[in-house]
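Read the structure below first, then the notes.
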Amino acid sequence: MNKPEKRSPNPGTTKPYPSLRFRHMCKLAEQVYELRAGQSLKRDELFSMLNHGNPDKVNSQIRNMIKYGLLDSSPDAESFELSDRAKTMLNGQSSPARQMQLKFDMAVSRIAVFKMLYDCYVDQQVPDISTVAEQLREMDRTVNRASLGIVETFIDNVKYLGLFKVVGKTERLVSIGQHITDLSLASNSQSVVSPGTLTINSNRAGFRAVDESDNVGFYLAPVNAHNDEVSKHAHAVLHSIIEPALKGLDLKVAVSSGVSGSEGITGDFIKKIIQSKIVVADLSFHSPHVFYALALRHAARLPVIQLIRKTDNLFFNFDQSSTIAIETSDIYTMMANIESYRDQVLASARKAIHDAESIGNPISQVFPNMKFKVEL
């Protein structure tokens, strides 16, 4: 745990942190949105909506909604209006990833003490609540005896957002960036990329390609049924890089299938290796079936391009310059370079398709006159 500089108490300062949980304030914001569709609400209308026979409780709810940034008003205002962030979160037009980022901004990031706890424990196993409360008092002397309540609210908020996940055999606080990436991949993995072309099902160890067209780009994706990171990588590269790049050549995308478990390497897999117009071989994680397919493609002197994670080493005597290296260790760096990766894949695919003979490979370098004929 990385401890920030300790803060000293200031008795005259109003407590800047919420005392109520974000999930409950979100429900109240939903009620306000449904009642007025994002328009302002008079004070008596809001009190009538929230009335529990306890004005103090209503005032507390209003103050907490303001602290979270759900309301753009002061506690004693005559009218209240949802903030732009809250409206965007509730209007049903934002993607799940965008909604999650907005929720995180309000539930954690804008609350200094919550952001401090998040920064301390992100990507780690979080201790029990009493231990965290004790550590919080050491980090921030302004919280004093309120530390337990602060920690309980923080823990509930991050659980509500889904940031507590089982990694390996332990429950950890994952980063908002990783969580948003997971949401995006989960959403994409249930979609059909091109009508009648490709169906992705994230519940399978491999992918299922259903396109039989010759106008196909074949993505040789790494597969490992026992490593979820491999599946996440494959989905991210497919949807963020390969599909957009090959769309520039009017190619549909098929994905490696039937390469794990008892199926072995199927006939459909072999056909795709030989018949596809271009093959994109993802050497990341060093999946054996990818190298098997790449060797067949090299032997046939057919167009193929290679890519790999920067953290993985290239095997054999591949030309380093002909393999596209992708930075995946940091999601922010990857996203910043995503257009460059797409452009590299598109340019390499175009060159390979139009001048395949000029692109050498380990087999052609040894047997430059060898020909591989396929009779269909």
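The values are calculated or read from the model by the stated rules, or taken from the named source; none is laboratory data. Keep in mind that this is a model prediction, so the values were computed, not measured. In this analysis, Cβ positions are derived from the backbone assuming ideal geometry, glycine residues included, and neighbour counts consider all displayed protein chains.
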Condition met for Gln39 (in the same structural domain as Val108 (by TED's automatic domain parsing) and in a loop (DSSP other than H, G, I, E, B)): yes
Write out, first by first residue and then by second, each pair whose Cβ atoms fall under 9 Å of each other, whose residues are 6+ apart or on separate chains, and whose first residue, in the range 307-318, is assigned by TED's automatic domain parsing to the domain that holds Phe218 and charged (D, E, K, R) while the second is at pLDDT 90 or above and in a loop (DSSP other than H, G, I, E, B). Arg309/Leu283; Arg309/Glu327; Lys310/Glu327; Asp312/Leu283
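Results for (1) in a loop (DSSP other than H, G, I, E, B); (2) touching a residue at least 24 places away in the same chain (Cβ under 8 Å); (3) on the phi > 0 side of the Ramachandran plot, shown as yes or no for each residue.
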| residue | (1), (2), (3) |
| --- | --- |
| Pro18 | yes, yes, no |
| Cys26 | no, yes, no |
| Gln31 | no, no, no |
| Leu46 | no, yes, no |
Identify all residues within the range 278-310 that are polar (S, T, N, Q) and modelled with pLDDT of 90 or more; write none if there are none. Ser284, Gln306
Given (1) buried (at least 21 other Cβ atoms within 10 Å of the Cβ); (2) of a type outside the set (Asp, Glu); (3) touching a strand residue (DSSP E or B) at 6+ places or on another chain (Cβ under 9 Å), Gln124 misses just (1)
From His226, His233, residue being surrounded by fewer than 16 Cβ atoms within 10 Å (Cβ to Cβ) and at pLDDT 65 or above: His226
Of the numbered conditions (1) modelled with pLDDT of 90 or more; (2) among the aliphatic types (A, V, I, L, M); (3) not assigned by TED's automatic domain parsing to the domain that holds Ser95, Val158 satisfies every one except a single condition; which is it? (3)
Of the residues in the range 53-99, those that are of a type in the set (A, V, I, L, M), within 21 Å of Glu34 (Cβ to Cβ) and not in a loop (DSSP other than H, G, I, E, B) come to Val58, Ile62, Met65, Ile66, Leu71, Leu82, Ala86, Met89, Leu90
Which ones in the range 93-111 are polar (S, T, N, Q) and within 14 Å of Val158 (Cα to Cα)? Gln101, Ser109
In the set Phe80, Phe47, which member is assigned by TED's automatic domain parsing to the domain that holds Gly162, touching a strand residue (DSSP E or B) at 6+ places or on another chain (Cβ under 6 Å) and either modelled with pLDDT under 90 or hydrophobic (A, V, I, L, M, F, W, C) (or both)? Phe80
Collect the residues in the range 78-89 that are surrounded by 20 or more Cβ atoms within 10 Å (Cβ to Cβ) and over 21 Å from Arg43 (Cα atoms), keeping them in residue-number order. Met89
